[in-house]
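**Q** So that we are looking at the same thing, I have put the structure below in structure tokens.
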Amino acid sequence: MSDLVGSAPFNVNAFKEEDLFPIREVARLTGVNPVTLRAWERRYGLIQPVRTESGHRLYSPADVDTVRSVLAWIERGVPVSKVGRILARNESSQVSVTPTYESATSGEWAQWQSRLLAAVQAFDEAEVDRVYGQVFSSYPLSVTFQDIIMPLWQRLLLRYGRPGYGSEWLFFDTFLRGRVMQRLHNLRDQPGSRLLLVALPGRCRELELLVTGLLVNPVDAAVHVLGIGQTLEELPQVCAKMQPVAVVVFSNQAPGADTPQILERLSLSLECPVAVVGEGADLLEDSFRGSPIACLGSEGRLIRRRLRQFLAGRLDT
């Protein structure tokens, strides 16, 4: 069984070295240079890489996620000296809300991930499909994707481009896109009004957008996912023909300085309301406080409820 998954702390003895990243690889994946990474470790304690016997730093996938979170807060304008406190508060909040639930289920999620990973590494599509179906029959959709499937997909993506690993992620990604597209197609066939989901131009994997389409279902509208590459400038023409009840913009990246202005212009150009969903929505919440644009967040268990409130005009934006 691979050591790629699981929530236990990383250390050299418990995890294969091939599942950890040297500092140069973390720098390549995140864009943060090694000098800054070492400073974040020594000065602020934001990351805690393990050390080899020769003293070299090795970083876990969780460390890479932390670096990206730090970057997102810094780009939002938070001083690096205060980011650690924010991250700690968020972790504490998450643990305090559902400690029993998390402790009871995290081990189960890791087991499902390990079974999926073994099937992916064997390129056994029939077994991947079988385990995938069992996961769906065992958990709600939001748990299936946000806590089991997408974390594994993201960890495999981190290894994409390294010799011998790219094919595994590509195999898993292709499988998942096919299954999610099928589910979206079935949902879209239901009669009713339309809701458009579009990605904010920039770095976005198609699967992330498609899964978000599932997470915002079911609402009292058929969700139509516009393809990667859809420009915001042409959305008014698309909306004029499709007449959606709302446009939801997806972003999992830290917003640029001009992102609020771009979305505000989009909102003014459309006849329907606009909302933002994904991790980018969490970072834009203060920018849009009191505006007509709603931030639905990135937590699948809350997105649907907030979207329903928004469409009903009951969500305080």
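**Q** Tell me, what is a quarter of the convex hull surface for the C-alpha atoms of the range 120-275, in nm² with one decimal?
**A** Numbers: hull surface 40.9 nm².
Taking a quarter of the hull surface, the average projection is 10.2 nm².
**Q** Let me see the pair-distance distribution of the range 190-312: every alpha carbon pair, 5 Å bin width, integer percents in order.
**A** Per 5 Å bin, starting at zero, the Cα-Cα P(r) for the range 190-312 comes out as 2, 12, 25, 27, 23, 10, 1, 0 percent.
**Q** Kindly report, to the nearest 10 Å², the accessible surface of residue 194 as traced by a 1.4 Å probe over protein heavy atoms only.
**A** 90
The values are calculated or read from the model by the stated rules, or taken from the named source; none is laboratory data. It should be emphasised that the depicted structure is a prediction, and the values quoted were computed from it without experimental measurement. Only protein heavy atoms, including side chains, enter the accessible area calculation; ligands, DNA and RNA are left aside. Shrake-Rupley method; radii C 1.70, N 1.55, O 1.52, S 1.80 Å.
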